Amino acid sequence: MTASAAQVWQWLEEVSDPEIPVISVVDLGIVRKVELADDGECVVTITPTYSGCPAMLTIAEEVEAVLQRHGVERVRLATQLSPAWTTDWMSAAGKQKLKGYGIAPPAHQVIDISRLTRRAAQEPQVECPHCGSHKTRMSSQFGSTSCKSLYRCDDCLEPFDYFKCH
């Protein structure tokens with residue numbers, strides 16, 4: 001089967017992150033590149049959210065399975081570690097999906113020069129995904145997964161995960 005790179009990107013939207021099933025690996029920014037070789041091989045380049053991420057094996061298997069279901073017979077995954085993954089690679093749609101799922105998306109970009117004028121120790125202003133309040137505080141640096149912190153809203157009193165910027 002002959003597919004276009006745009007079609008492969010669309011099919012990859014079907015692959016959900018195993019830890020946050022509401023967001024695709026494309027929206028998360030894990031899929032970095034799709035290349036179609038003349039010999040019919042489809043090469044998908046992925047970057048883990050952090051080295052040793054336990055979800056990467058499942059993601060790799062799902063990428064292959066989805067593409068093969070759509071008729072792509074030869075799939076090769078390439079892992080790219082540099083540059084390291086950053087939350088800046090998340091799509092705006094992905095951040096909205098996180099919020100709708102009850103996880104506060106990253107509050108700022110990792111590469112954000114406006115932060116140079118603020119105190120380095122200042123916590124980000126995190127919006128509650130439940131009520132929209134900015135009266136929130138971190139309860140624990142570590143949330144349900146290592147890429148999230150646990151926060152609590154002082155207005156609606158609900159706890160929630162915050163997807164850390166990195």
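Just so it is clear, none of the values below were taken in a lab; they were calculated from the coordinates. Given the structure is predicted, the values throughout are model-derived calculations rather than measurements. Ideal geometry is used to build each Cβ from the backbone, glycine not excepted, and the neighbour counts take in all protein chains shown.
The dipole here belongs to the chain: it is taken about the Cα centre, uses +1 on the Cβ of Lys and Arg and -1 on the Cβ of Asp and Glu, and is about 760 debye. Based on Cα contacts under 8 Å between residues 6+ apart, the chain shows a relative contact order of 18 percent.
Of the residues L28, C156, L98, the one whose Cα sits farthest toward the positive end of the charge dipole of the chain, with +1 on the Cβ of Lys and Arg and -1 on the Cβ of Asp and Glu, is C156. Calculated mean residue ellipticity at 222 nm for the chain: -6000 deg cm²/dmol, from DSSP H runs with n ≥ 4 weighted as -39500 (n - 2.57), summed, divided by the residue count and rounded to 500.
Taking every lysine pair in the chain that is 8 or more places apart or spans two chains, those with Cα atoms closer than 16 Å amount to 7.
In degrees between 0 and 90, to the nearest 10, how far off the longest principal axis of the chain does helix 92-101 point, with axes built from Cα atoms? Helix 92-101 sits roughly 60 degrees off the main axis of the chain. Think of it this way: in the chain, C42, C53, C147, C165 stand alone, with no other Cys Cβ under 4.7 Å.
Here, the chain has an Rg and a Dmax of 17.8, 58 Å when only alpha carbons are counted.
Tell me, in nm to one decimal, what length is gained between L36 and T58 on full extension, where the rule is 0.36 nm per residue of separation less the Cα-Cα distance? Separation in residues times 0.36 nm, less the Cα-Cα distance, equals 5.7 nm. Candidates P83, C128, P54 compared by Cα position along the dipole of the chain: farthest toward the positive end lies C128, with charges placed on Cβ.
Axis angle, to the nearest 10 degrees, between helix 56-69 and the longest C-alpha principal axis of the chain: 40 degrees.
Dimensions of the stretch 5-85 along the principal axes, based on C-alpha atoms and rounded to the nearest Å, stand at 32, 26, 19, largest first.
When only the Cβ of Lys, Arg, Asp and Glu is charged (+1, +1, -1, -1), the dipole of the stretch 5-85 relative to its Cα centre reaches about 180 debye. The GluC sites (Glu not before Pro) of the stretch 11-106 that meet both conditions, a loop assignment by DSSP and at most 13 other Cβ atoms within 10 Å of the site Cβ, are E41, E73. Centre-to-centre, using Cα atoms only, the stretch 37-60 and the stretch 121-156 are separated by 31 Å.
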